[in-house]
1. Restricting the stretch A:60-97 to residues that are part of a helix (DSSP H, G or I) and under 23 Å from A:R129 (Cα atoms), which is farthest from the other protein chains (Cβ to nearest Cβ)?
2. Within the stretch B:76-100, track down each residue that is within 21 Å of the chain's Cα centre (by Cα) and either exposed (fewer than 14 other Cβ atoms within 10 Å of the Cβ) or outside any helix (DSSP H, G or I) (or both).
3. Of A:A168, A:A184, A:A153, A:A196, which residue is free of Cβ contacts under 8 Å to residues at least 60 places away in the same chain and either touching a strand residue (DSSP E or B) at 6+ places or on another chain (Cβ under 8 Å) or within 28 Å of A:T58 (Cβ to Cβ) (or both)?
4. Within the bounds of the stretch A:127-141, is there any residue that is within 14 Å of chain B (Cβ to nearest Cβ), closer than 30 Å to A:T58 by Cβ, free of Cβ contacts under 8 Å to residues at least 60 places away in the same chain and surrounded by 14 or more Cβ atoms within 10 Å (Cβ to Cβ)?
5. Within the stretch A:56-112, can you find the residues that are touching a residue at least 40 places away in the same chain (Cβ under 8 Å), over 19 Å from B:A208 (Cα atoms) and acidic (D, E)?
6. Consider the stretch A:143-177. How many of its residues are away from chain B (no Cβ under 12 Å) and surrounded by fewer than 19 Cβ atoms within 10 Å (Cβ to Cβ)?
7. Identify, from the list B:G164, B:G196, B:G213, B:G146, the residue that is at positive phi and within 14 Å of another protein chain (Cβ to nearest Cβ).
8. State the number of residues belonging to the stretch A:43-55 that are touching a residue at least 60 places away in the same chain (Cβ under 8 Å) and either polar (S, T, N, Q) or within 12 Å of A:F8 (Cα to Cα) (or both).
Amino acid sequence: MLRIRNLFAYYGAVTALSGVTCRVREGEVVALIGANGAGKTTLLNAVCGLVRWQGEVTFQGRSLAGMAPEAIVGLGVSQVAEGRQLFAPMSVAENLELGAYRRYRREERGAIERDREWLLELFPKLRERQEQRAGTLSGGEQQMLAIARALMARPRLLLLDEPSLGLAPLVVESILATLGELRAQGVTILLVEQNARAALKVADRAYVMETGRIMLSGSARDLLQDRQVTRAYLGRDYKEFTEGR
Amino acid sequence: MVGDNRRRPPLSCRRRPYLRPGPEGHAITVDNFGPLLQYLVSGLTNGAIYALIALGFGIIYNATTIINFAQGEMVMLGALCAISLYQLYPSLPLAFVGGVALVTVAGLLLERLALRPARDVSPITLIIITVGGAVFIKGLAMSFWGKEAYTLPPFSGSTPLHLGPATMMPQNLWVLGVGALVVALLEAFFRLTLAGKAMRACAYNQRAARLVGIPASRMVQFSFGLSAALGAAGGILIAPLTLGVYDMGTMLGLKGFCAAILGGLGSSLGGVLGGLLLGVAESLASGLISSGYRDAVAFFILLVVLFWRPQGLVGGRG
């Protein structure tokens, strides 16, 4: 579905991505893990057209080169950006409405309304707070709203950037659990996480990034057991690690 | 600008000669309430125009974080276009709508031809481009309309109305009424329509707006058209009270900018409040102290606000 080949991106003189190649197949949940500054967010932003890049990115066989972010949303790629990026002074309902911005001109209102109902069912807390300003929600509710807003565009591919950041473990669990539900609904997901263990639990496959490159890839289950990954990203006890040798 | 002022009397003397306080205006006593009311009426009228201009500054600032110093020229273009249209076909509603439409196109062209080619440069560069645009538009207007002043007939006659001890022209009511209507429509647009909400979303978080599929560049263009339309409406409303001259826009634009800063840049409530306050302050100062201080008041207020409350009264995004 999403194919990235030999992708390079630069911030001025700094190379953020140097030759990334990866792919996401239809119906998969793929995790992208790695430390801060490894280039995970840049990769998502390159796919969304927010960052200029060189190389090859195709979505459903169509090249995304030179496309504006809003046009890429129209193709069915939505990103839930790091830090939620809600329209904080606007109400929950308005945030959801704007999520479907591109659909109003092409589709009948009924379809959009059905999606809104489905999402309010998926995140019941949002229903209670529809008239509340987005900025006044709790962190977990804001993350739910950010995901719901992205889903209002009815994406085929959902890119999630650090959905667990700054949230309590229980909230993280419930948000990651919804990802499973979304997959059942036919949404393909590319999940960027620093919380590697949580990400690997919900993902089918994963890529490990380091300094702008893909260092490792494989099925999530294999990576969870991989020593290198365990040591570098899962924060296993040092003792356990040395004794295991 | 300096040269202009030497050649002709300052704007303040040309504007609304019939509303300028007579000698009796200086002899106010506590029980002589009439002149004060008179100043209030004329101040609110000018203030309504400043408010429309200030709203235009705010809309563009919200969309782009730049100050469009060509905003005042849109006011001038509105007045002169409407006057010319009226001379072609004497219908005031048609002149109003036609003038606003023509200037909206001018605003869109300004964005398309002067600002868009320079995309991705710093805001300060863009602001200087708008200053250049203002000078260019003013020059163009001078070569097209010449240096003389034109009149537009009042919308509904010129029999003065008596409001207690104060006198006002029907046009003053038109300015206030249409001004209020325009502000209400604008607010409804931003609160109730999808396009308006999308513009607000762009102002709050442009990156997020692009990620939900809102075309930010189209919103920027739209904001230029909208604020040009607001300025034009202001210019046409005020044209029967002042006169339409090619260089009327500069001072009005600066006053509108002061009003925007006073109220809080980017806030619509602030723009309206700032405009009305500034208009009244000016009119009181020129009535109670000396009409020579009229323009000084605006800039004095601007400095005071920038020193002590740079976010403005309502706390916009400045």
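1. Only one residue tops the list, namely A:V92.
2. Scanning the stretch B:76-100 gives a single hit, B:P93.
3. Answer to the check: A:A184.
4. Checked the stretch A:127-141: no residue is within 14 Å of chain B (Cβ to nearest Cβ), closer than 30 Å to A:T58 by Cβ, free of Cβ contacts under 8 Å to residues at least 60 places away in the same chain and surrounded by 14 or more Cβ atoms within 10 Å (Cβ to Cβ).
5. Within the stretch A:56-112, A:E56 is the sole residue that qualifies.
6. Number of matching residues: 10.
7. Step by step, each of B:G164, B:G196, B:G213, B:G146 is checked, and only B:G213 is at positive phi and within 14 Å of another protein chain (Cβ to nearest Cβ).
8. 2
The values are calculated or read from the model by the stated rules, or taken from the named source; none is laboratory data. Not measured: the values here are computed from a predicted model. No Cβ is skipped: glycine too gets one built from the backbone with ideal geometry, and neighbour counts run over all protein chains shown. Please note that ligands, DNA and RNA were not included when accessible areas were found on the heavy atoms of the full protein model with its side chains. Shrake-Rupley method; radii C 1.70, N 1.55, O 1.52, S 1.80 Å.
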